[in-house]
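> Please find one structure pasted underneath; my questions will follow.
Values quoted throughout were computed directly from the atomic coordinates according to the rules given, and no laboratory measurement underlies them. Since the structure is predicted, the reported quantities are computational estimates derived from the model, not experimental observations. Every residue, glycine as well, gets a Cβ built from its backbone with ideal geometry; the counts of neighbours run over all protein chains shown.
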Amino acid sequence: MAITIEQQVQLSTHTTMGVSATAQYVARIDSVEALAEALAWAKKNKVSVLVLGGGSNVLLPSHYKGLVLLIELKKKGVILENEHSVELQIGAGENWHELVEWTVEKGWLGLENLALIPGSVGAAPIQNIGAYGVEVEEYITKVQYLHTQTMNLCWIEREECDFGYRNSIFKNELKAKAIITEVQFKLPKKAQLRTEYESLRSFLRQQGIHEPSQQQVFKAVIQVRQSRLPDTQKLGSCGSFFKNPVLPSEQVDRLKTHFPDVKTYPMPDGYIKVAAGWLIDKAVGKGFRKGQVGTYDQQALVIVHHGGANGDQVREFASFIQGEVLNMFGISLEAEVHIISANSDDA
Ligand SMILES: Cc1cc2nc3c(=O)[nH]c(=O)nc-3n(C[C@H](O)[C@H](O)[C@H](O)COP(=O)(O)OP(=O)(O)OC[C@H]3O[C@@H](n4cnc5c(N)ncnc54)[C@H](O)[C@@H]3O)c2cc1C
């Protein structure tokens with residue numbers, strides 16, 4: 001057997017939330033062959049499988065009873081380049097921010113607004129990562145995955161991925177059936193930079209930058225993020241813990257009669273996105289804390305782990321927040337973070 005299966009492995013350093021968590025078995029996956037072998041091993045030994053990239057969007061249980069696959073599939077190549085655009089093939093185990101940095105160095109446009117999002121390239125399509133007015137779906141052309149039931153290596157085109165706000169086919173029809181191995185992107189060489197997002201635009205204006213270069217947008221995104229989000233090396237978090245609820249306009253109109261200053265964003269389909277951070281801020285506040293878990297003091301949508309807690313304690317805190325928001329506004333918040341149970345099959 002080419003893969004090594006380790007036993008009783010501590011995973012706290014493999015996640016940005018940093019809760020104490022062990023796994024019964026762990027395998028490092030650096031090739032598609034290793035992935036197929038690990039899945040065959042799990043099947044033979046009748047154990048569940050959990051896939052882990054950068055661990056920045058998962059909440060682990062104290063002990064995971066099953067096999068955790070640490071995705072380390074590396075590849076960074078140009079498939080096609082001409083004067084208009086470049087097409088890239090990137091391994092699922094590459095670091096997302098390092099990819100963005102590379103494209104900015106090369107002057108290939110599009111990903112600069114997605115700088116500093118933690119995690120791996122392979123996880124990016126799963127929730128269609130987005131920030132500062134850009135979603136990754138705009139630049140993905142296709143995704144390669146290993147189908148865990150048929151064991152076929154498949155390609156899925158962007159149009160079939162059903163991308164939506166923090167959503168894709170990988171969270172629905174292909175949930176627990178697809179392990180992403182590679183993502184392909186097409187980036188333009190000439191395009192309008194995207195600086196319309198309010199906090200980015202006002203930051204650039206404050207800096208006296210009116211016609212920013214790609215480098216300046218990239219740096220501005222990093223600075224804005226650093227001022228608003230916790231440094232996960234110092235404070236555990238998964239970024240936004242909940243999705244912003246997307247509601248029918250009539251419901252938002254009713255909400256506004258009681259809470260006229262509620263922060264909302266119209267969506268192209270007529271629905272309205274309500275800022276979950278605003279709702280949580282009103283319900284419990286920023287910097288609110290119960291034991292070792294709390295809301296971040298700069299942004300209530302971010303749940304932070306001050307150290308020493310386990311996944312159950314974070315989950316209880318998240319449920320408490322959901323209850324408070326439901327009581328106050330009648331709105332159910334849905335977790336953006338993947339909450340893993342002790343022996344759930346996530347692959
Ligand atoms: C401080 C902070 C800020 C953040 N800001 C943003 C933001 O601005 N925008 C945004 O969209 N997200 C943001 N996030 C969330 C997170 O960075 C993204 O969701 C990221 O894509 C997760 O990548 P990961 O490799 O860490 O995934 P993991 O946390 O390892 O996994 C997430 C889920 O994907 C599955 N998975 C991982 N890799 C694969 C694979 N190769 N194949 C199949 N399934 C897989 C896992 O099983 C799990 O269910 C932030 C997180 C943090 C901590």
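> In the stretch 143-222, what GluC sites (Glu not before Pro) fall in a loop by DSSP, with at most 15 other Cβ atoms inside 10 Å?
Here the sparse-neighbourhood loop sites are 173, 196.
> Under 1.5 on a/c is rounded, so check that first for the stretch 160-238, then, if it is not, pick prolate when a/b is larger than b/c and oblate when it is not; a ≥ b ≥ c are the square roots of the alpha carbon gyration tensor eigenvalues.
oblate
> While we're on this one: Just tell me which lysines come within less than 20 Å, Cα to Cα, of residue 234; anything on the same chain fewer than 8 places away is out.
286, 290
> Another one. Order these by the 10 Å Cβ neighbour count, fewest first: 202, 237.
By the 10 Å Cβ count, ascending: 202, 237.
> Sort 258, 338, 147 by Cβ crowding within 10 Å, fewest neighbours at the top.
Starting with the residue having the fewest Cβ neighbours, the order is 258, 147, 338.
> Among all helices in the chain defined by DSSP H, which have a length of 24 Å or more along the axis from Cα atoms plus a Kyte-Doolittle mean of at least -0.5?
Qualifying helices: 311-329.
> In terms of the Cα gyration tensor, with a ≥ b ≥ c the square roots of its eigenvalues, is the chain rounded because a/c is under 1.5, prolate because a/b exceeds b/c, or oblate?
Oblate, because a/c is 1.5 or more while a/b does not exceed b/c.
> Pick from 174, 50, 69 the residue whose mean-square fluctuation is largest in a GNM of the chain, springs joining Cα atoms under 10 Å.
Most flexible of the set in this elastic network: 174.
> Mind checking which lysines have their Cα closer than 27 Å to the Cα of residue 186? Skip sequence neighbours fewer than 8 apart in that chain.
74, 75, 76, 106, 142, 171, 175, 177, 219
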